[in-house]
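Comments concern the structure below.
The values are calculated or read from the model by the stated rules, or taken from the named source; none is laboratory data. Worth saying up front: this structure is predicted, and the values here are computed from it rather than measured. A quick note on method: Cβ atoms are made from the backbone with ideal geometry, for glycine too, and the neighbour counts reach across all protein chains shown.
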2 protein chains.
Amino acid sequence: MLKSRANIKDVARRAGVHPSTVSRVLNPATRSMVSEALAKKILRIAEELGYRRNPLASGLRTRRTYTVGVVIPDITNPVFPPIVRAVEHALDEKGYIAILADSGSKRRSEKALIENMKARQVDGLILAAANRKDHLVDSCIDEGIPVVLVNRSVEQHSVSAVINDDELGIDLAFQHLIDLGHREIAYIGGPQRASTGYTRYRAFLRSAKQAGVNIDRELVINAREFTESAGQAAFQEIARTGKNLSAVLTANDLLALGVFDALDDLDMKCPRDISVTGFNDMPYVDRFVPPLTTVHISLEELGVQAARLLLEKIENPDAPSKQLRLEPRLIVRGSTATLNAAQAKSGNRVA
Amino acid sequence: MLKSRANIKDVARRAGVHPSTVSRVLNPATRSMVSEALAKKILRIAEELGYRRNPLASGLRTRRTYTVGVVIPDITNPVFPPIVRAVEHALDEKGYIAILADSGSKRRSEKALIENMKARQVDGLILAAANRKDHLVDSCIDEGIPVVLVNRSVEQHSVSAVINDDELGIDLAFQHLIDLGHREIAYIGGPQRASTGYTRYRAFLRSAKQAGVNIDRELVINAREFTESAGQAAFQEIARTGKNLSAVLTANDLLALGVFDALDDLDMKCPRDISVTGFNDMPYVDRFVPPLTTVHISLEELGVQAARLLLEKIENPDAPSKQLRLEPRLIVRGSTATLNAAQAKSGNRVA
C-alpha cells in the first residue's frame, strides 16, 4: 500500500551533493556537521521529493537506531510521567526517540520487554524499574548495551545512575517529626528489592538511632509495592498491634495516600490523630485532603540527567560510568502537626 | 561490542525443523500456529543457543515491525497514563510493543514525531492528539498506515476511533447543576481544534437550550489548552465581567482544578460560593479539596478498544473503519451543592 518514494540519491543529485551529506542533514544528531544554508536547501529538496530518512534501515547499516528504550515500573504512578517527559524531550533534541514500556512491576514482563527492546537493537536503555541485584541489568552490561538507571541503583555493577540522596530525604522528614514533638513514630517502607525501598528503610533506622529515638519494630513495615493499597494494608497491620503512635513516616507518596485511606476507615483524622509524611512530592499531592507534607525530588532533573548520561554513554561506550545524586528538600504542608495534648495523654492507641 | 550469536538456522537445525517454524514460534503473534510441545522445545533450544528474534530485521523482510506508535498530547495529564497502560497491555498480548511519544500539545513536534514513527515503519498508529481537521491523519491514511484515534475523532475521513459520548456526558453534568437549582451557569471549554473541545462546547449550548436556560455568552470561554493554568485564566476572565454566576461547568478535570485555583485567589469557596463540575474523572480527583463532581469515562476501556481496533486494521487493512462510542456517567462528589440562600440573594457576583 506504500507509495514508492524518491531515494537518498535522488535528493543528493538534485542538491548537487554526495548522498552521505544528505544523510547527515536528515539525521538531527549530525545535522550540525553541515552548514545551515546547505542543510536548509537539502531539507527543502527532500521535502519536495517526499524523501524521508529510514532510521530502521540506516540503523542496520550504521548499527545505530536512534532509539532508546525506557522501562518504568508503573506509568500510572504520577511520579513517572514527569520523568518520562523530561527524558523524551532531552532525547528528541538529539534526534533520538524513546520506546516507552510499562512493566507493571512484574519481573517476568519486564524481562520480556527488555528482551524485545534488545531485539529491536535500541542504542541504550533507561531503566526506572531495576532491582538492587538485577540480572537484567547484568545481561545488558554483558552485551555492551549502554544502560542508565533513573531513581534506582544496583549493587553488583558500576552502572550509570541518577538517583536522589534518599538518606538525606528520610532524615529531613524524620527531623521534622521530631521537631514537632513526635517520638512514637511508625515507618511504612517499600519493597526491599528496589534500591529506593532498601536505602530509605536503612536511613529511617539510622535517623532514629542518631536522634536517640527508640523505634518499636512492630511499627516498622516494608510493603511489597509502592502503591496506595499496600500502604493502606500496612497501616491496618500497624493499627492491629494496638501500639501507641502519633506519626507515620512513609517512603513514598502513594504509601502515604494509603495511610490516609486506612485512617478514614478507622475514623481517625490526619494530622489531628496521626501526622503523615510522604516521599517524592508527586503531582497533585498539594491538593489532597490534607495536603501532604513530603520530600520533594526534582522529577524533571532526574529525567534530563538520565537522558544526558545515556547519550554520553552511546557516543562513548568506554567512558566510565557516573552516578549523579540529586539533593531533595522537605515540603511542609497540612498532613503534619505538633504533637497535641490528646496525643501525648492517650498515647493515641490506634486500635 | 555485541557478541556474535547463534542464528535462526542453528536453532532450526538443532530442533530438526524448518527455519520458518522457528520464526513462527519466536513471534508471539504466530506462536499458536505451532503445537505447544514443539513451541516449547524450540523456545528452549533458542534460549540455550542464545538466539533472539530480531523484529527489526524480520520487519524489513515481512514488512511488519510489530511496533505500534502511540502519540499523546501530554503524558503529565493524568487522564493518559491509564489509557496508555491499557493499550500497552493489549498490544503486548499479541506480541506488539508500543513506541510512546508525548507531543506536548505542539503541532510541530507532533508532526516530527509521527514522521519519525512512519520512518521506523510502525505497523500502525494510535493517536490521542489528533485535531478535528487533521492533515497528519490524512497523510497516514493516504500512505495506507492503519490509524485509530482514541478520545478524539476527525471530520474529514472515515477513520477508526474510540471516543466517549461527550454530548451525554455534558448533558449529565448540566442536568445535575439544574437539579441543584443553578441557572447562572458559566462554561469553560477546551480548544476547538480538538473534537472533545468542540463537541463538548456544542453540547453545552444544546443542553442549555433544551432546558430553557438562558446562558450569558460572556460566561462562556473556550480555553486554548486543557490545562490547569488555562482553566484558572478563563475563570479570572469570567470573574472580571462582574456577572452573576453560581456554577461553572468545565469540559475537563484539569480546567476544573484551574477554577479551584482561581477561586482560592478570589477568596471564594467551592461549593459554597460556586459549584464546579469536571470531565474525565481522572485519577485522584476524588482526593482533592473539594473532591470533584465529574463525568466518568472508562480510561482503560478506551485503551483496550483502541488497541483492538488497530490490531484488526493491521490484520485486515481493507476492513471498514469503526467508531466506538463509550457511555459516560456522572459521579457526584463535594464540588457541587444546592443553590443556597446567599447565592440566590446576592446573585453571587464574583468580581
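General observations
- Within region A:160-193, the residues that satisfy the criterion of being surrounded by fewer than 23 Cβ atoms within 10 Å (Cβ to Cβ) and part of a loop (DSSP other than H, G, I, E, B) are A:Asp165, A:Leu180, A:Gly181, A:Arg183, A:Glu184, A:Pro191, A:Gln192, A:Arg193.
- Just one residue in the set B:Asp261, B:Asp273, B:Asp318 is farther than 20 Å from B:His182 by Cα, more than 16 Å from the chain's Cα centre (by Cα) and at pLDDT 95 or above; that residue is B:Asp261.
- Some residue of region B:208-221 being free of Cβ contacts under 8 Å to residues at least 60 places away in the same chain and within 14 Å of another protein chain (Cβ to nearest Cβ): no
- Scanning region B:20-40 for residues that are among the hydrophobic types (A, V, I, L, M, F, W, C), surrounded by fewer than 17 Cβ atoms within 10 Å (Cβ to Cβ) and touching a Phe, Trp or Tyr at 6+ places or on another chain (Cβ under 9 Å) returns a single hit, B:Ala29.
Yes/no matrix, rows are residues, columns are (1) touching a residue at least 40 places away in the same chain (Cβ under 8 Å); (2) among the acidic types (Asp, Glu):
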position: B:Ala262; (1), (2): no, no
position: B:Met268; (1), (2): yes, no
position: B:Ile314; (1), (2): yes, no
position: B:Asp318; (1), (2): no, yes
position: B:Glu327; (1), (2): yes, yes
position: B:Asn340; (1), (2): yes, no
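- Residue that is surrounded by the most Cβ atoms within 10 Å (Cβ to Cβ) [pool: residues in region B:201-253 that are more than 17 Å from B:Ser275 (Cβ to Cβ) and hydroxyl-bearing (Ser, Thr, Tyr)]: B:Tyr201
- Flag set for B:Gly144, criterion: part of a loop (DSSP other than H, G, I, E, B) and in contact with a Leu (Cβ under 9 Å, 6 or more places away or on another chain).
- Matching residues, region B:137-159, being in contact with a Lys or Arg (Cβ under 7 Å, 6 or more places away or on another chain) and away from every other protein chain (no Cβ under 14 Å): B:Val148, B:Val154, B:Glu155, B:Gln156
- Boolean, A:Leu125 is over 20 Å from B:Ala46 (Cβ atoms), modelled with pLDDT under 85 and assigned to a strand (DSSP E or B): no
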